Amino acid sequence: MNKLNKELLKTNIEAAAEYDFHNHKVFGSAYCVIQEDNVIYKNCFGTTSADNAEAVTGNTIFRLASMTKPITAIAALILVERGQLSLSDKVSDYLPEYKDVHITQISDTNEIIDLGKAQNDITICHLLTHTSGIGSDAAKSQKMTDEDKKSIANTIEFHAKAGLDFEPGTKQKYSGIGAFDVLTKIIENITKTDYLHFLQQEIFEPCEMVNTTFIPTGEQWKQIIAMHNKVDGNNSVAKMKENCIFVDYPCTHYLGGAGLVSTLSDYSKFAKMLLNNGKTPKKQILSEETFRLLHTPFVSEEIMPSYERWGLGVRVIVTEECKTLPVGAFGWSGAYGSHFWIDPTNKVAAVFMKNSHFDGGSANESARNFEKAVNDSFHQD
């Protein structure tokens, strides 16, 4: 294990934050780095809006977007461990509307063309690894109406009728909205409880996460950082649809793939649980055996020839072609810029928060600069 040099880490992250401020005009961000059980670095920069001087803190609330997905993956694995769910289970066993689902594509005239019934069943594993064919075609998702977005039931019905983008298990294509929402409904059907309640009981409370939710209270709305935008090279505040956390999906919709808000303090506790193989100070959320499934690469090299492959709701680094993270590291990002990873080799968990309307995902420069800042701060024991 390589140890982090605290002073060098501080210098490198401050340089990354300064670069973001000047080159991406990000007005507020937050960083946390944990090694073993110790917080090595935690700091926040800037303000909660381009229009005010309120400082970002560890309790400023950020929209997680797709950093919701690893939480949903842990929720599914809890049911796997209890024998209530299997990764090989058919989705149609829980949601009959997916029993005879068809493969479709969008025509040049923006019409949906039916290519016939899918030959392969969609499994739970397919949902978690972006190999289901659900919700990976943005053109289809753009056909969703406000009514389709009103509830999780309406959304999964839309995706069933819109059809799959490919034969399940034969390809991988990122499902930003769709597959994890189907999984959310399956979890609700199995547990016979509200999805948010299940997360609070099984994950948030054991991790002591107090500001992570799909439905912010009035006080929490006041703590949510403004969505950053960049207009003519200057800071601005992007307009978000009222009472929506992700794009224009209402908070009544438990968007299991993108709908949570959280804080640096809260998500760092979740990351620390992942670093400790599913263990919190209060309880063991998952056995180490079940937890290992999370960061096992389930997608083959043939389907995904890259230095990273999909585990269950996370990306896993599989070759040394990645210059900023070691082999075995795993994590995820959000469309609005938040980013985290777990490095089991060096026993590091790292979390970065920002909300930018135009700059997210693991390939965005802010995320890569944070990875490099941490990676360049190691010294040998």
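Derivation of every value follows stated rules applied to the coordinates shown; laboratory data play no part. What you are looking at is a predicted structure, and each value in this text was computed from that prediction instead of being measured. Cβ: placed from backbone, ideal geometry, glycine included. Neighbour counts: every protein chain shown.
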Ranked output for segments 304-315, 115-126, 171-182 by mean other Cβ atoms within 10 Å, highest leading, reads 171-182, 304-315, 115-126
Applying the gyration tensor rule to the Cα atoms of the stretch 23-128 (axes a ≥ b ≥ c; rounded if a/c under 1.5, else prolate if a/b exceeds b/c, else oblate), the class is oblate
Under the rule rounded for a/c under 1.5, else prolate if a/b exceeds b/c, else oblate, using alpha carbon gyration tensor axes a ≥ b ≥ c, the stretch 77-191 is classed as prolate
If every Lys and Arg gets +1 and every Asp and Glu gets -1 at its Cβ, then about the Cα centre the chain yields a dipole, in debye to the nearest 20, of 520 debye
In degrees, nearest 10, the alpha-carbon axis of helix 69-81 is tilted away from the dominant principal axis of the alpha carbons of the chain by 60 degrees
Mean Cβ-within-10 Å packing, highest first, puts peptides 274-284, 326-336 in the order 326-336, 274-284
In Å, the C-alpha Rg and Dmax of the stretch 201-339 are 17.6, 51
Checked against a 18 Å limit on the C-alpha separation, the offending pairs among Lys6/Lys347; Lys42/Lys230; Lys42/Lys354; Lys150/Lys241 are Lys42/Lys230
With Cα coordinates, the longest principal axis of the chain makes an angle with the long axis of helix 152-162, in degrees rounded to 10, of 60 degrees
With Cα coordinates, the longest principal axis of the chain makes an angle with the long axis of helix 179-191, in degrees rounded to 10, of 80 degrees
For 219-226, 351-358, ranked highest to lowest by mean beta-carbon neighbours within 10 Å, the order is 351-358, 219-226
Sorting Ile106, Gly133, Phe158 by the position of each Cα along the dipole of the stretch 77-191 (Lys, Arg +1; Asp, Glu -1; all at Cβ), the one nearest the positive end of that ordering is Gly133
Under the rule rounded for a/c under 1.5, else prolate if a/b exceeds b/c, else oblate, using alpha carbon gyration tensor axes a ≥ b ≥ c, the stretch 262-322 is classed as prolate
